[in-house]
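Report on the structure given below.
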């Protein structure tokens, strides 16, 4: 009986720690810093690197891992720019591929994420 309660308490603590929120003030400070960063991509377009990175971290890490290293059947995005062009990445984001659903990001968000991912080599 004690083992059951201990396992339940430990499992609950682990679950709450994994799903707990972060420091909102620190996250807001990082957003302000990242929003001002710009980067030039290979095709000469200027993309907001901070916005693209933030979108990827919000939308992709659940399946591709916190460091974009890939998890299980999902590929690594850490070096996706060395395998796919920005246009190919955008096509995957908009239309999906394999187990990835289509349309997780749309419009300018998809373009910003593709531009940032294309720099990951």
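Could you work out how much longer the chain between residue 85 and residue 108 gets when fully extended? Use 0.36 nm per residue separation minus the Cα distance between them, nm to one decimal. Don't skip to the end; give the middle numbers.
Values: separation 23, 0.36 × 23 = 8.28 nm, distance 1.72 nm.
Computed gain between residue 85 and residue 108 is 6.6 nm.
The orientation-averaged projection of the convex hull spanning the C-alpha atoms of region 48-121 amounts to 4.1 square nanometres.
Take each peptide in 94-102, 73-81, 59-67, count the other Cβ atoms within 10 Å of every residue, and average; sorted highest first, the result is 73-81, 59-67, 94-102.
FYI, it's all coordinate maths here, none of it is from the lab. These figures come from a predicted structure and were not determined experimentally. Backbone-built Cβ (ideal geometry, glycine too); neighbour counts: all protein chains shown.
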